[in-house]
Amino acid sequence: MRPDTTTALDAVILDYNGVIGLQPTTDQWLHLARTANRPEEDLAAFQSAFWSARQPYDAGQLSDLAYWAKVLGYHPGPRMLRELCAVDADMWTATDDRVLEVLHHAHRAGLPMALLSNAPHHLSDILDRHNWRRLMSQALYSARLEVCKPDPAAYQHALQALGAADPRRVLFVDDRADNCHAARRLGLRTLHYTGRSADLEAALLPTT
C-alpha cells in the first residue's frame, strides 16, 4: 500500500529486517540448525522452536542463555552459546543494496530517519556497528526499549526520539502488515514494504 503524500514528510521510521536487512536464506537456517545439533531434515521444527521464544527475547526479557535453553530444551555450554549467538546474528546482517541507495539519497536530502527494530541485545549491538547505521539519526531496538512492535509504546518511543509532534507527517516502513496497521492506528503514514525499492523511493523522495 502506498502512503498518503498529500502533506509534507518530516521524518521516517524504518524497520530493519525485511526492509534494510535481507531475510535469511535456507542455507543460513540449516547452518544454525547444525550449530544447535538439530537434524537438517527437521528444519521446520527447529524454526518453530526458534520463533516460539523470540518475542520475549527480542523484548529483552530473556538472556541469550535463557533464550537458547528454551529453543534447545537444555542449557548450552559457554562455547556452544557463543557459536549459536554468532551464527544467529550472521543470519540477519546482510542488507539490500537497493534500499540502502534510496536511504543514502534521503539522508543527503536531509530527511531525518530512525530505525525501529525488534531485535535482541546482541544483534542490536552488532547492527549499531554497521556503516548504514550512520544514516539514522536514532536507532531503537526492542530489547533496549523492553517492548516490541506492534505495541503502541514502541512507535511512541520512535516519535519522541525524532521529536515528531505530528505523526501524520511521519512515515513508518515495515514488511509486516500487523506492524503497519498498529502504526496507522496511531496516526502515522505507512508503507507496507514488499521488496519493491521503487515504492520506497517514491515515498521518501517524491518528485516535485
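The values are calculated or read from the model by the stated rules, or taken from the named source; none is laboratory data. The structure presented is a predicted model; accordingly, all values stated were derived computationally and were not measured. Please note: Cβ atoms are built from the backbone with ideal geometry, for glycine as well, and neighbour counts cover all protein chains shown. Ligands, DNA and RNA are stripped out before the accessible areas are found, and what is left, the full protein with its side chains, is counted by its heavy atoms. Shrake-Rupley method; radii C 1.70, N 1.55, O 1.52, S 1.80 Å.
Structure data summary
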item: Output for the range 118-147, where each listed residue is part of a helix (DSSP H, G or I) and closer than 20 Å to D178 by Cβ; result: S142, A143, L145
item: Within the range 81-118, considering residues that are out of contact with any Ser or Thr (no Cβ under 8 Å at 6 or more places or on another chain) and either β-branched (V, I, T) or over 21 Å from R129 (Cβ atoms) (or both), the one least open to solvent (accessible area, probe 1.4 Å); result: A106
item: Qualifying residue in the range 8-18 (condition: surrounded by fewer than 17 Cβ atoms within 10 Å (Cβ to Cβ) and not aromatic (F, W, Y)); result: yes
item: Restricting the range 157-183 to residues that are small (G, A, S) and more than 21 Å from A59 (Cα to Cα), the residue that is surrounded by the fewest Cβ atoms within 10 Å (Cβ to Cβ); result: A165
item: Cβ pairs under 7 Å, 6+ apart, first in the range 122-134 and touching a residue at least 40 places away in the same chain (Cβ under 8 Å), second in a loop (DSSP other than H, G, I, E, B); result: L127/Y16; L127/A119; W132/I20
item: Candidate set from the range 184-208 (those that are without any contact (Cβ under 8 Å) to a residue 60 or more places away in the chain and part of a helix (DSSP H, G or I)); member that is surrounded by the most Cβ atoms within 10 Å (Cβ to Cβ); result: R184
item: Scope the range 160-183; condition free of Cβ contacts under 8 Å to residues at least 24 places away in the same chain, aliphatic (A, V, I, L, M) and assigned to a helix (DSSP H, G or I); matching residues; result: A177
item: Matching option when the condition is without any contact (Cβ under 8 Å) to a residue 24 or more places away in the chain, closer than 17 Å to M91 by Cα and open to solvent by 50 Å² or more (accessible area, probe 1.4 Å), among S52, S48, S63; result: S48
item: Single match in L159, L135 (criterion: among the hydrophobic types (A, V, I, L, M, F, W, C), in contact with a Pro (Cβ under 7 Å, 6 or more places away or on another chain) and more than 22 Å from W51 (Cα to Cα)); result: L159
item: Where a residue in the range 91-116 is touching a residue at least 40 places away in the same chain (Cβ under 8 Å) and its partner, wherever it lies, is basic (K, R) and open to solvent by 10 Å² or more (accessible area, probe 1.4 Å), with Cβ under 8 Å and at least six apart; result: L115/R133; L116/K149
